[in-house]
There are 2 protein chains.
Amino acid sequence: MANTKQILALNRFDARHAEGLGAELESLIARRQATFGASSVLVYERPIRMVRAEGVWMFDADGRRYLDVYNNVASVGHCHPRVVDAIAKQAATLNTNTRYLYDNVHDYAERLLATFPGELSNIVFTCTGSESNDLALRLTNSFTGGTGFVVTETAYHGNTEAVTAVSPSSFKTHTVPPHVRTVPAPDLYRHPTNDVGSRFAEDVTSAIADLERNGVKFGGLLVDSIFSSDGIYADPAGFLKQAVDVVREAGGLVISDEVQPGFGRTGSGMWGFQRHSVEPDIVTMGKPMGNGFPVGGVVTRPEILEPFCATTGYFNTFGGNPVAAAAGLAVLDVIEDEGLIENANQIGGQLRAGLRQIAGRHPSIGDVRSAGLFIGIEFSLPGTTDPDAAAASYAINALKERGVLIGAAGAYGNVLKVRPPLCFSRDNADLFLETLDAVLSER
Amino acid sequence: MANTKQILALNRFDARHAEGLGAELESLIARRQATFGASSVLVYERPIRMVRAEGVWMFDADGRRYLDVYNNVASVGHCHPRVVDAIAKQAATLNTNTRYLYDNVHDYAERLLATFPGELSNIVFTCTGSESNDLALRLTNSFTGGTGFVVTETAYHGNTEAVTAVSPSSFKTHTVPPHVRTVPAPDLYRHPTNDVGSRFAEDVTSAIADLERNGVKFGGLLVDSIFSSDGIYADPAGFLKQAVDVVREAGGLVISDEVQPGFGRTGSGMWGFQRHSVEPDIVTMGKPMGNGFPVGGVVTRPEILEPFCATTGYFNTFGGNPVAAAAGLAVLDVIEDEGLIENANQIGGQLRAGLRQIAGRHPSIGDVRSAGLFIGIEFSLPGTTDPDAAAASYAINALKERGVLIGAAGAYGNVLKVRPPLCFSRDNADLFLETLDAVLSER
């Protein structure tokens, strides 16, 4: 059962169905199974042998073109020439660790920090969102003395040992560890309320109380402000504020995981937490930061960084090296020069409106939720709010056969995650909407 | 005291001495302090503003050239054109995660695995050595059921929460946690013996017994086969074998951390464990793997990977993406085509012989230890084995003023770490030896 759920939730290829895919795919899959072993995670019923990508398009080995509505790493567009040039030039010039001084690393640190509220003035560069969240947990522990964390029920924050413990979506067999409490996602669709902010804050209050009752001192709330892996819960903007207040009153820190919503995706500012008018104590970054170059970061206040550094040596060999900085600077330039935040807002609005029209024609779509170019399309059994993972799985694979890439999220794998590159155009949006409409009509 | 030790051990720049470095350096250091805050780690009494690097040479903003005898990340040479071209071409073509199939990722996995003994047939790609060791600890725990680990007294294995717990060299104030036991490094210089292998194995046996006596089930031995951060202990080749046997008898796994010795540096095969004629259960890789592109990996047996994947979702977004694979393949090509393992052996031999001659003239050098191009030069108070960190610190900073980059290791920061790019030439080695001789003569 756990396995079935996992396969559905991740739109995961089931290796038991490898036969009949044709000699080339079968051979590549066999080579992959032999080397990656049990860790192999492929997507789609019929995996794709990808060879090239450009902007919003990806191309397979047969020359087939796919509209990418899924990959949020290549956030300013696949193989964006300005980012590629920046990486190539810097890699040919100098690529070593940050124990020397480099102009571009300091330019980047300042450019990036300028997008944050003034008190968040220190940055530690890492290589991945996982490393960022791992460090954030330790900063929280060192500052508060608390080891207890509150996260949402289907949260995903990364893959290290410490971060997996606060990522219930990665648990296949085990349960939530004793230092962690989960709260339900702010789900207005399945559990309507006039005041989701109060309800979410009450859940956080109960979770903190339960930790303390069990002798675990509370450290902080770790939250992805767009609730990506829970199923995407965006509205109403501002609902996080009460939970933040509750955390502060309990002496904890608020960690905003911006690996998914960050870098302009929500269409109203650089960071997802800005939609909620809150100021986190720690912000973590990853995926879109270098448009595919492995770079991450943790932003916080000096008073939080100092006690940690006083007790523990921390150095990240590749973190924030000159090539990472060059990639990161180019990403900031492109976001600004191409107006990508405004584009995320505009095209996100077009998609939201179009998807709501489509939902009117297809009762399998129970809800559409979004902020900018981060949209969730929830499939339910018609007339109910019961999750319909089979409908989502059908849509994902049928869209792929028609040249559109998308994936799923949520506890039941029944929510389509719409996260295209931020340079998605009006025409791209129309094509996605038409194709989804057609695919649902054919079922 | 701890802080002084840390500054010496890492050849760390002390920000209290920033005045008098000149307007440009002072300004850059101030910008760095403002953004990196307490996490800033710079090296040398007078930090270097680095702008360019090529092969074994690095260049500062004043056009000054430095011979790099320290940086083991750019292992096949700074900005090697084949690696740079591979990164640039692949970054312009396709750069996304491994949930699709790519020819070059599978070519790379096979090429790399072919350098390992046959049973070590599965690989999980990560982004860093830290992520690799974090995963190795969890694989060990999941396979053995043990949570206890044995490491050396001044070990460094990475920067995540779980890996820092087994990295005593990162502890500034805290002590070894309850699930960890440390053993002394195999130090023949300070503690001579005819059988260092037996002594090291006995220490591991005692550590395992002490874990079990305290109710902690033993998981494994995590060891860097060149003992880099302990101070570099290489000889006699083979001395690890008895400790490996002891670990196996106790039901534990052996994790070989090849982040430092791996990819040919020891001059006799690709991996440090090969010098010891042992076969680890898990091998971890990082730093030199992509010559600066952030990529790491964990190699193990399928039976060890399977139980972990059955219970825990693991995915690494950037890990082993097509650009990482392109960089990794280029590194393997260069190592082979330029004969870098044989070069490490030859030039390593030249350096070892030359350093022993120099040691004969300078009583501050107490010992020279090496395998290939990984060499430790230990400074002691003349006539004793008492560590002389001041002599090491003098040498590091005086060498730097004469255009040679080097750093320190060991519990007392008194061991020079000689780790040049593997393309180091006879002339480069002569220049290093002459400069070191001159610097020591001037003291």
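The values are calculated or read from the model by the stated rules, or taken from the named source; none is laboratory data. In this text the structure is predicted, and so the values were computed from the model without any measurement. Ideal geometry is used to build each Cβ from the backbone, glycine not excepted, and the neighbour counts take in all protein chains shown.
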Practice item. Sort out which residues of region A:204-224 are over 23 Å from the mean Cα position of the chain (by Cα), over 17 Å from residue A:145 (Cβ atoms) and either in contact (Cβ under 8 Å) with a residue 40 or more places away in the chain or within 14 Å of chain B (Cβ to nearest Cβ) (or both), and write them in order of number. Key: A:205, A:207
Point to revise | Given (1) in contact with a Pro (Cβ under 9 Å, 6 or more places away or on another chain); (2) more than 14 Å from chain B (Cβ to nearest Cβ); (3) of a type in the set (Gly, Ala, Ser), number of the condition residue A:277 does not satisfy | key: (1)
Check your understanding: Is one or more of the residues making up region A:29-42 surrounded by fewer than 21 Cβ atoms within 10 Å (Cβ to Cβ), in contact (Cβ under 8 Å) with a residue 24 or more places away in the chain, within 8 Å of chain B (Cβ to nearest Cβ) and not in a loop (DSSP other than H, G, I, E, B)?
Key -> no
Exercise for review: Scan region B:405-439 residue by residue and report those that are among the small types (Gly, Ala, Ser) and assigned to a helix (DSSP H, G or I).
Suggested key: B:429, B:438
Practice item. Only residues that are in contact with a helix residue (DSSP H, G or I) (Cβ under 7 Å, 6 or more places away or on another chain), without any contact (Cβ under 8 Å) to a residue 60 or more places away in the chain and not small (Gly, Ala, Ser): list them for region A:261-291, please. Key: A:276, A:278, A:289
Point to revise | Given (1) within 25 Å of residue A:308 (Cα to Cα); (2) out of contact with any Phe, Trp or Tyr (no Cβ under 8 Å at 6 or more places or on another chain); (3) surrounded by fewer than 24 Cβ atoms within 10 Å (Cβ to Cβ), index of the condition residue B:163 fails | key: (3)
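Residues are listed down the side, and each one gets a yes or a no for (1) hydroxyl-bearing (Ser, Thr, Tyr); (2) surrounded by fewer than 24 Cβ atoms within 10 Å (Cβ to Cβ); (3) not assigned by TED's automatic domain parsing to the domain that holds residue A:98:
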{"position": "A:277", "(1), (2), (3)": "yes, yes, no"}
{"position": "A:288", "(1), (2), (3)": "no, no, no"}
{"position": "A:291", "(1), (2), (3)": "no, no, no"}
{"position": "A:294", "(1), (2), (3)": "no, no, no"}
{"position": "A:301", "(1), (2), (3)": "no, yes, no"}
{"position": "A:305", "(1), (2), (3)": "no, no, no"}
{"position": "A:318", "(1), (2), (3)": "no, no, no"}
{"position": "A:323", "(1), (2), (3)": "no, no, no"}
Check your understanding: Which of the residues spanning region B:167-185 are at the interface with another protein chain (Cβ under 9 Å from one of its Cβ atoms) and assigned to a loop (DSSP other than H, G, I, E, B)?
Key -> B:167, B:172, B:173, B:174
Review point. How many of the residues in region B:139-166 are free of Cβ contacts under 8 Å to residues at least 24 places away in the same chain and more than 8 Å from chain A (Cβ to nearest Cβ)?
Key: 1
Point to revise | Hey, residue B:102 buried (at least 19 other Cβ atoms within 10 Å of the Cβ), modelled with pLDDT under 95 and touching a strand residue (DSSP E or B) at 6+ places or on another chain (Cβ under 9 Å) or not | key: yes
Exercise for review: Would you point out the residue of region B:166-195, among those that are hydrophobic (A, V, I, L, M, F, W, C) and in contact with a Phe, Trp or Tyr (Cβ under 9 Å, 6 or more places away or on another chain), that is surrounded by the fewest Cβ atoms within 10 Å (Cβ to Cβ)?
Suggested key: B:188
Check your understanding: Of everything in region B:119-138 that's more than 8 Å from chain A (Cβ to nearest Cβ) and in a strand (DSSP E or B), which residue is nearest to residue A:125 (Cα to Cα)?
Key -> B:126
Exercise for review: Could you tell me whether region B:89-112 includes any residue that is free of Cβ contacts under 8 Å to residues at least 60 places away in the same chain, within 30 Å of residue B:54 (Cβ to Cβ) and within 8 Å of another protein chain (Cβ to nearest Cβ)?
Suggested key: yes
Review point. Would a scan of region B:253-267 turn up a residue that is at positive phi, of a type outside the set (D, E, K, R) and surrounded by fewer than 24 Cβ atoms within 10 Å (Cβ to Cβ)?
Key: yes
**Study point:** Close pairs (6 angstrom Cβ cut-off, 6 or more residues apart or separate chains): under 18 Å from residue B:224 (Cα atoms) in region B:177-201, loosely packed, with under 15 Cβ neighbours inside 10 Å anywhere
**Key:** B:181/B:210; B:182/B:176; B:199/B:193
Check your understanding: Quick check: anything in region B:164-185 in contact with a Lys or Arg (Cβ under 9 Å, 6 or more places away or on another chain), under 16 Å from residue B:256 (Cα atoms), of a type outside the set (A, V, I, L, M) and modelled with pLDDT of 95 or more?
Key -> no
Exercise for review: Report yes if residue B:83 is part of a helix (DSSP H, G or I) and either facing chain A (nearest Cβ under 10 Å) or farther than 30 Å from residue A:165 by Cα (or both), otherwise no.
Suggested key: yes
Check your understanding: Just checking, which of B:45, B:54 is among the acidic types (Asp, Glu) and away from chain A (no Cβ under 11 Å)?
Key -> B:45
Review point. Quick check: is even one residue across region A:67-79 buried (at least 18 other Cβ atoms within 10 Å of the Cβ), within 10 Å of another protein chain (Cβ to nearest Cβ) and free of Cβ contacts under 8 Å to residues at least 12 places away in the same chain?
Key: no
Review point. Can you tell me which of A:198, A:121 is in the same structural domain as residue A:261 (by TED's automatic domain parsing), surrounded by fewer than 24 Cβ atoms within 10 Å (Cβ to Cβ), more than 30 Å from residue B:294 (Cβ to Cβ) and more than 22 Å from the chain's Cα centre (by Cα)?
Key: A:198
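Each row is one residue, and each column tells you yes or no for (1) in the same structural domain as residue B:388 (by TED's automatic domain parsing); (2) modelled with pLDDT under 90; (3) of a type in the set (A, V, I, L, M, F, W, C).
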{"position": "B:6", "(1), (2), (3)": "no, yes, no"}
{"position": "B:9", "(1), (2), (3)": "no, yes, yes"}
{"position": "B:15", "(1), (2), (3)": "no, yes, yes"}
{"position": "B:26", "(1), (2), (3)": "no, no, no"}
{"position": "B:31", "(1), (2), (3)": "no, no, no"}
{"position": "B:34", "(1), (2), (3)": "no, no, yes"}
{"position": "B:52", "(1), (2), (3)": "yes, no, no"}
Review point. Do we find a residue being of a type in the set (A, V, I, L, M, F, W, C), assigned to a strand (DSSP E or B) and at pLDDT below 95 anywhere in region B:62-69?
Key: no
Study note, to complete from the structure: Screening B:231, B:251, B:219 for residues that are more than 19 Å from residue B:367 (Cβ to Cβ), assigned to a loop (DSSP other than H, G, I, E, B) and in the same structural domain as residue B:278 (by TED's automatic domain parsing) leaves only B:251
